[in-house]
Amino acid sequence: MKDPVNRKTLGHTIKEIRVGKGLSQKYVVESTISQSNYSRFENGEIDVSASTFLSILRRLQVSLDEFLLFHKQDEVDLRDDIKKQFYELTYNKEGELENILYKIEIYDPDNKDIDIQFIKEICSSLLILLKESDLNKARVGLQKVWQLLSKRNQLFITDIYLLNSILFYFPLETVRTIKDFLDRNIEFYKGNREIELIQLNISINFVLLLIKEKNFRESLEYIDKSINMSKQHRDVLRIGICYIRKGIILSHITCDQEDCKSWINRGITLLEEIEVHSIIVVLKKEIRNYFKGSVSIN
């Protein structure tokens, strides 16, 4: 991680973009900030307010996402790296969890970054589960995270990721409580694709929990909603998962075994097309464990 003294400032990046576009300082600061203060901002001497910063971006015709790409292109931020690695965990793997914890010790040895400490608590709890197979012991840390986040009036994107990562380690009734809390807060981010996909993941995984609890009628309602959401996002991966789980659910509700198998086969075919082999292996295990009747899977 770069020394904060030498770290590239927001103003430095703004200057690079402005010069790259061939724009003058006078053009950028029009009705926004004095040119002298703007010059000091570009040189990293002062900060500006959020509203002023966004006005500058509008004058430069650069989105916030595009700005962040420019700003990070020559800098590896360890905090962002920790969060990214945590968010991208597909399955709990001991080596990956330990690597995240190692990076946290380097970045935040004094436990001052609240969000990073939440990640530390979660990773430590998941390691307990992996090494000791003790769900109750693992839940102690996860419950601590939930209790702290549940007191917030508004969840931010990081909070949503955190709760999504621990949601399904709780009993069903606690899961319902957390899910309802998430749904209320996610409404604030309606239209944000990233958050809508998290909500979709929660719904799809909630279906699996309902299947395990043999609550097939409710799970059918949720899987149909999940299929519609997946199609709206044109997300082949999630459509495939939903088709397989719908086939499992229907095997407990309908006598039409061929219809059930057709849903499963359609799902597997979609996933094979995008070559997500590790996910297919996990889903085939679900089929063997939860499908009612016999179904042939390779």
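The values are calculated or read from the model by the stated rules, or taken from the named source; none is laboratory data. Keep in mind that what you see is a predicted model, and the values were worked out from it rather than measured. Ideal geometry is used to build each Cβ from the backbone, glycine not excepted, and the neighbour counts take in all protein chains shown. Accessible surface areas use protein heavy atoms only, side chains included; no ligands, DNA or RNA. Shrake-Rupley method; radii C 1.70, N 1.55, O 1.52, S 1.80 Å.
With unit charges on the beta carbon (Lys/Arg positive, Asp/Glu negative), name the residue among Ile166, Thr254, Leu270 whose Cα is farthest towards the positive pole of the charge dipole of the chain.
Thr254
Where Lys and Arg each count +1 and Asp and Glu each count -1, what net charge lies around Ile186 among other residues with Cβ under 13 Å from its Cβ? Show your work: numbers first, answer last.
Numbers: positive: Lys179, Arg184, Lys190, Arg193; negative: Asp159, Asp180, Asp183, Glu187, Glu194, Glu196.
Here the charged neighbours net out to -2.
For Gln25, what is the net charge nearby, where nearby means another residue's Cβ is under 13 Å from its Cβ and Lys, Arg count +1, Asp, Glu -1?
Working: positive: Lys15, Arg18, Lys21, Lys26, Arg40, Arg59; negative: Glu30, Glu42.
So the surrounding residues net to +4.
Run the numbers on the chain and let me know its relative contact order in percent, using alpha-carbon pairs under 8 Å that are six or more apart. Don't jump to the answer; show the numbers that get you there.
Numbers: 254 pairs, mean separation 25.6, N = 298.
Computed value for the chain: 9 percent relative contact order.
In degrees, nearest 10, range 0 to 90: what is the angle between the Cα axis of helix 10-21 and the longest Cα principal axis of the chain?
80
Evaluate E = 1/(1 + (r/R0)^6) for Glu213 and Glu88, where r is the Cβ-Cβ distance and R0 equals 41 Å; express this FRET efficiency to the nearest 0.05. Could the numbers behind the result be given before it?
Values: r = 29 Å, r/R0 = 0.70.
After rounding to 0.05, the efficiency reads 0.90.
Assigning unit charges at the beta carbon (Lys, Arg +1; Asp, Glu -1) and nothing else, what dipole magnitude in debye, to the nearest 20, does the chain show about its Cα centre? Intermediate results must be reported in sequence, preceding the final value.
Working: 44 positive and 44 negative charges, 100 e Å.
The calculation lands at about 480 debye.
Could you give the dipole magnitude of the range 60-207 about its Cα centre, charging the beta-carbon of Lys and Arg +1 and that of Asp and Glu -1, in debye to the nearest 20?
Details: 19 positive and 26 negative charges, 128 e Å.
With only Lys, Arg, Asp and Glu charged at Cβ, the dipole is about 620 debye.
With each pseudo-label sitting 7 Å past Cα toward Cβ, what's the Asn192-Asp47 distance in nm, one decimal?
Using points 7 Å along Cα→Cβ, the separation is 2.0 nm.
Which value, in debye to the nearest 20, gives the size of the charge dipole of the range 1-134 about its Cα centre, when Lys and Arg are +1 and Asp and Glu are -1 at the Cβ?
Values: 19 positive and 25 negative charges, 182 e Å.
Once rounded to the nearest 20, the dipole reads 880 debye.
Leaving out ligands and nucleic acids, and using a 1.4 Å probe, what accessible area per residue does the chain come to in Å²?
Numbers: 16440 Å² over 298 residues.
With all protein chains present, the chain gives 55 Å² per residue.
Give me the angle, in degrees from 0 to 90, between the Cα long axis of helix 193-212 and the longest principal axis of the Cα atoms of the chain, rounded to the nearest 10.
Around 20 degrees separate the two axes.
Let a ≥ b ≥ c be the square roots of the eigenvalues of the Cα gyration tensor of the range 90-161; is it rounded (a/c under 1.5), or, if not, prolate (a/b larger than b/c) or oblate? Walk me through the intermediate numbers first.
Numbers: a/c = 1.85, a/b = 1.21, b/c = 1.52.
Taking the square roots of the gyration eigenvalues as a ≥ b ≥ c, the range 90-161 is oblate.
Once you have a ≥ b ≥ c as the square roots of the Cα gyration tensor eigenvalues for the chain, tell me rounded if a/c is under 1.5, and otherwise prolate or oblate according to whether a/b is larger than b/c.
Details: a/c = 2.48, a/b = 1.85, b/c = 1.34.
Verdict is prolate for the chain.
Once neighbouring chains are kept in place and the probe is 1.4 Å, which whole percent of the accessible area of the chain is contributed by carbon and sulfur? Can you show the working numbers first?
Values: 8110 of 16440 Å².
Result for the chain: 49 percent of the exposed heavy-atom area is carbon or sulfur.
Excluding residues fewer than 8 places away in the same chain, name every one of the lysines whose C-alpha is closer than 23 Å to that of Lys214.
Leaving aside lysines fewer than 8 places away in the same chain, those within reach of Lys214 are Lys179, Lys225, Lys246, Lys261, Lys284, Lys285, Lys292.
Tell me, in nm to one decimal, what length is gained between Arg152 and Thr269 on full extension, where the rule is 0.36 nm per residue of separation less the Cα-Cα distance? Please report the intermediate quantities before stating the final value.
Working: separation 117, 0.36 × 117 = 42.12 nm, distance 4.27 nm.
So the extension gain works out to 37.9 nm.
Once the Cβ-Cβ distance between Thr254 and Lys137 is put in as r, and R0 is 41 Å, what FRET efficiency do you end up with, to the nearest 0.05?
Details: r = 41 Å, r/R0 = 0.99.
For R0 = 41 Å, the calculated efficiency reads 0.50.
Once the dipole of the range 16-110 is set up with Lys and Arg at +1 and Asp and Glu at -1 on Cβ about the Cα centre, which of Val19, Leu89, Phe67 lies farthest towards its positive end?
Positive-most Cα among the choices belongs to Val19.
Expressed as an acute angle from 0 to 90° and rounded to the nearest 10, what is the orientation of the C-alpha long axis of helix 157-166 relative to the principal long axis of the chain?
So the helix axis and the longest Cα principal axis differ by about 30 degrees.
Among the aspartates and glutamates, which have Cα under 19 Å from the Cα of Lys21 when same-chain residues fewer than 8 positions away are ignored?
Glu30, Glu42, Asp65, Glu66
What's the local net charge at Ile211, with K and R +1, D and E -1, over the other residues with C-beta under 11 Å away? Could the numbers behind the result be given before it?
Values: positive: Lys212, Lys214, Arg245, Lys246, Lys292; negative: Glu213, Glu218, Glu286.
Charge balance near Ile211 sits at +2.
Which of the listed residues, Ile198, Leu135, Ser150, is farthest toward the dipole's positive end in the range 127-241, when Lys, Arg count +1 and Asp, Glu count -1 at the beta-carbon?
It is Leu135.
Want the number for Arg59 to His233: 0.36 nm per residue separation, take away the alpha-carbon distance, what's left? Mind showing how you got there, number by number?
On the way: separation 174, 0.36 × 174 = 62.64 nm, distance 3.18 nm.
59.5 nm is the gain from fully extending Arg59 to His233.
Please state the shape class of the range 187-270: rounded when a/c is under 1.5, otherwise prolate if a/b exceeds b/c and oblate if not, all from the C-alpha gyration tensor. Spell out each step's value before the answer.
Values: a/c = 2.76, a/b = 1.57, b/c = 1.76.
The shape class here is oblate.
Which whole-angstrom value gives the distance between the alpha carbon centres of the range 172-219 and the range 45-86?
31
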